Amino acid sequence: MKIAVDAMGGDNAPLVNVVGAREALALYPNIEMIYLVGDKDIIAKECAEQNLNDKRIEIVHASQVVEMHESGAKTLRSKRDSSIAVATALVKAGDADAVVSAGNTGAAVANATLRLRTLKGIERAGIASPLPNEFGVCNLLDAGANPEAKPEHLVGYAVMGAMYSKHVLGVAHPIVGLMSNGEEDEKGTAFTKETFALLKKMEDGGCAPFKFLGNIEGSDLYETQVDVALTDGFTGNIILKSCEATAKAMSKWLKLEFKRKPMRVLGAAMASGAFKAVKRRSSYEYYGGSPLLGINGVVIISHGGSSALAMQNAIRGAMEAVEQNVNPHIEEVMEQLQAEASSGSE
């Protein structure tokens, strides 16, 4: 297995990408090669400083970098030799099985869509971002790739999210919910109501590869057994960033309150194990990255502020998606659904 890493992508590049690659190679022997894509001189210097001289590392030169503030779509033409473009091209050429990037999300999505195209039966790709809940992990889909989604796009997201949950995360019977402003069937906008009807029809017809829970609310993301929470990319991105900001605020407030009194400091020390466990469970670092589902290739998009640990786990996520053949499973189900829809219309 060969993985291309956008070594210049992210707020802390190339350091975290180089260290993450080094740690991934030490932990995952199934990885045959990691391509570190970007400015060869800068990456080579960083590899030397981090004592990374593994023969399974190859530096692939790219002369440009897409900055975080740039429009991803516009850089398709203006920065054809960017690190994310070259890394994605390696997958297109068959030289790499997956691409991992903590850089500009828009550029990663645009390059993947243009160069790799979508899977057969899938109109739009979606980002599945993991949120920890009481029952494991709930994947919010879409978390930002497709802001102006249509109901049929969300049907595709339901299938993709279910297949990812089943084959990569090991969920035997995936449960899918539709984000709305109430759990009642009649709640929601015209968009969510139409999406609800399509998903309900699939389930009632016995062709849904998941259990449709119906409408779910924000609290269900953490308190209900749901594996995939469906929404459009605009709403999903707001939800994701709000969750991240809330977690950071709560952590900051707890630290401030514990420091106010000596007894609280002692109590915090005694409960340090519990705090570490919660931090591990809720930290994006341990999940690594979010798969861009629906692309004809494996693409993992990581947080812009990713640490080396996050990049190591993002590479692991890419490896697992390739090993579990998630894309062929998605295509198989979509083909079955299209065949059933065709036979039903005759």
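The values are calculated or read from the model by the stated rules, or taken from the named source; none is laboratory data. This one's a predicted model, so the numbers in the text were calculated from it and none came from an experiment. Note that we place each Cβ from the backbone using ideal geometry, even for glycine, and neighbour counts take in every protein chain shown. Areas reflect the complete protein model, heavy atoms only, side chains present, ligands, DNA and RNA absent. Shrake-Rupley method; radii C 1.70, N 1.55, O 1.52, S 1.80 Å.
Across the options Leu178, Leu337, Leu198, the greatest Cα extent toward the positive end of the charge dipole of the chain (unit charges at beta carbon of Lys, Arg, Asp, Glu) belongs to Leu178. The peptide list 285-291, 54-60, 326-332, put in order of mean Cβ contacts within 10 Å with the highest first, becomes 285-291, 326-332, 54-60. Between the alpha-carbon centres of region 202-219 and region 245-317 there is a gap of 30 Å. Note that the chain presents 48 Å² accessible area per residue, ligands and nucleic acids not counted, probe 1.4 Å. Note: relative contact order over region 201-346, using C-alpha pairs below 8 Å and six or more positions apart, is 14 percent.
The accessible-area ordering, largest first, of the residues Cys207, Cys138 stands as Cys207, Cys138, per a 1.4 angstrom probe.
Computed from label points 7 Å out along Cα-Cβ, the spacing between Glu332 and Lys279 is 4.2 nm. A Cβ-based charge dipole, computed about the Cα centre of region 110-254 with Lys and Arg at +1 and Asp and Glu at -1, lands at about 660 debye. Measuring r between the beta carbons of Asn325 and Lys150 and using R0 = 35 Å, the FRET efficiency lands at 0.80. Over 26 Å apart at the Cα level, from the set Lys45/Lys79; Lys120/Lys187; Lys187/Lys211, are Lys120/Lys187. Once each part is reduced to its C-alpha centroid, what is the distance from region 55-120 to region 139-200 in angstrom? Using only Cα atoms, the two centres lie 27 Å from each other.
Computed from backbone phi, the HN-Hα couplings of region 52-67 come to 9, 10, 5, 5, 8, 10, 9, 8, 10, 6, 9, 8, 10, 10, 8, 6 Hz, rounded to whole numbers (Karplus: 6.51 cos²θ - 1.76 cosθ + 1.60, θ = phi - 60°; Gly and Pro given as x). Quick one: among Leu254, Leu221, Leu292, which has the greatest mean-square fluctuation in a GNM of the chain with alpha-carbon springs under 10 angstrom? Checking each option, the largest mean-square fluctuation is seen for Leu254. Here's how it looks for Val60: its modeled amide H is under 5 Å from those of Leu36, Val37, Gly38, which are all 5 or more places away or on a different chain. Label-to-label distance, Tyr286 versus Asp54, with points set 7 angstrom from Cα along the beta-carbon direction: 2.3 nm. Quick one: plug the Kirkwood hydrodynamic radius of region 201-332 (C-alpha pairs) into Stokes-Einstein at 25 °C, 0.890 mPa s, and report D in µm²/s. My calculation gives 136 µm²/s for D. Of the cross-linked pairs Lys166/Lys193; Lys40/Lys74; Lys2/Lys166; Lys150/Lys279; Lys2/Lys200, those separated by over 28 Å at the C-alpha level are Lys150/Lys279; Lys2/Lys200. Along the axis of the charge dipole computed for region 60-136 (Cβ charges of +1 for Lys and Arg, -1 for Asp and Glu, origin at the Cα centre), the listed residues Met68, Ala110, Phe135 are led at the positive end by Ala110. Taken over the chain, the convex hull of the Cα atoms encloses 151 Å³ per residue. For the chain, the share of accessible area belonging to carbon and sulfur comes to 53 percent (1.4 Å probe, ligands and nucleic acids excluded).
Between Ala197 and Lys259, the contour length at 0.36 nm per residue exceeds the alpha carbon distance by 17.1 nm.
Taking a ≥ b ≥ c as the square roots of the eigenvalues of the Cα gyration tensor of region 53-156, is the shape rounded (a/c under 1.5), prolate (a/b larger than b/c) or oblate? Verdict is prolate for region 53-156. For the chain, the 222 nm mean residue ellipticity estimated from helices alone, with every DSSP H stretch of n ≥ 4 adding -39500 (n - 2.57) and the total spread over all residues, rounds to -14500 deg cm²/dmol. Placing unit charges on the Cβ atoms only, positive for Lys and Arg and negative for Asp and Glu, gives region 92-166 a dipole magnitude near 240 debye about its Cα centre.
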